[in-house]
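Every number here is computed from the coordinates shown, using simple stated rules; none is lab data. Everything quoted here is computed from the prediction, not taken from an experiment. Because the Cβ atoms are built from the backbone with ideal geometry, glycine has one as well, and the counts that use them run over all protein chains shown.
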Amino acid sequence: MKRLGTWVVVLALLGAVLWLASDRNQRRYSWAVDSGKLVISKGRFFPTGQGVIASDDPRYGTVYGPIALPQGAKVQDEEFDDQTALDRALFDLVVPMAKADLQKSDEASIAEANALADRAGALPGLTADQHRALASIRGDLSYVSARGELVQAAKLVLSARRKLEAVREGGGEHSLEAVPVVRELAGIQEALEQAAQGRSMNAFSSRAPATPVSPQPSAGAATPPGQQTPPPGPPAGLNPPGTSTTAKQAPR
């Protein structure tokens with residue numbers, strides 16, 4: 001019985017050690033470069049062994065799926081004791097890639113930079129400094145996106161100007177209406193182009209407001225100082241006082 005009890009204790013200890021080792025291995029991560037992509041692996045619930053996180057993984061795929069690396073990038077294989085260490089290292093790897101794409105300024109690179117920023121923002125283990133750096137990157141991306149939209153808006157306004165100029169030259173039914181609109185669109189287009197270049201010409205705020213129509217003073221309203229109100233004239237159909245009127249008498 002003592003020997004049996006000893007074996008039971010030994011087996012229980014071995015089971016606890018295997019469970020703890022499996023739990024520890026399950027929390028470990030690593031990455032490696034495979035065919036130009038950074039592939040992240042997660043430990044299995046077993047003392048050894050890891051499985052690659054695929055892009056279609058329902059839980060980890062969107063954040064830890066394979067990441068395409070720039071051509072010529074050199075990334076060393078690394079292992080991490082927990083997810084937080086992986087997140088912070090992955091952020092330091094992804095953010096410079098997003099900044100490099102941001103400098104290219106073409107649509108494909110901007111889209112890739114936005115995708116990398118979204119993946120970096122989904123990492124749960126970032127530090128406060130990394131969150132501030134991510135906010136700065138997002139601000140730069142928003143600025144570049146806004147400038148691109150201003151360029152597109154200027155192109156649309158130019159297209160509208162050309163069509164309205166054709167209407168004016170054609171002398172159709174709306175030719176007179178098109179003339180002032182063409183002048184307005186010219187200023188708007190110039191303002192959009194200046195804004196797209198990072199300069200402001202205050203084109204919208206410098207326009208003179210329309211001349212207001214002075215309202216007629218209502219009855220009983222106070223007369224402003226320095227302004228004299230003309231005396232009221234006689235009612236319609238009556239002669240002013242002091243004028244003579246020859247009245248015809250009816251025959252008796």
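Here are the numbers:
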quantity: Matching residues in the stretch 124-180 - criterion: being more than 30 Å from residue 109 (Cβ to Cβ) and either polar (S, T, N, Q) or touching a residue at least 40 places away in the same chain (Cβ under 8 Å) (or both); calculated: 175
quantity: Test result for residue 113, within 20 Å of residue 90 (Cβ to Cβ) and surrounded by 17 or more Cβ atoms within 10 Å (Cβ to Cβ); calculated: yes
quantity: Output for the stretch 99-119, where each listed residue is among the small types (Gly, Ala, Ser) and under 14 Å from residue 130 (Cα atoms); calculated: 117
quantity: Matching residues in the stretch 124-176 - criterion: being over 19 Å from residue 102 (Cβ atoms) and among the small types (Gly, Ala, Ser); calculated: 125, 128, 153, 154, 159, 160, 166, 170, 171, 172, 175
quantity: Which numbered condition residue 25 misses (of (1) without any contact (Cβ under 8 Å) to a residue 24 or more places away in the chain; (2) touching a strand residue (DSSP E or B) at 6+ places or on another chain (Cβ under 7 Å)); calculated: (1)
quantity: Qualifying positions in the stretch 128-154 - among the small types (Gly, Ala, Ser) and touching a helix residue (DSSP H, G or I) at 6+ places or on another chain (Cβ under 8 Å); calculated: 133, 145, 148, 153, 154
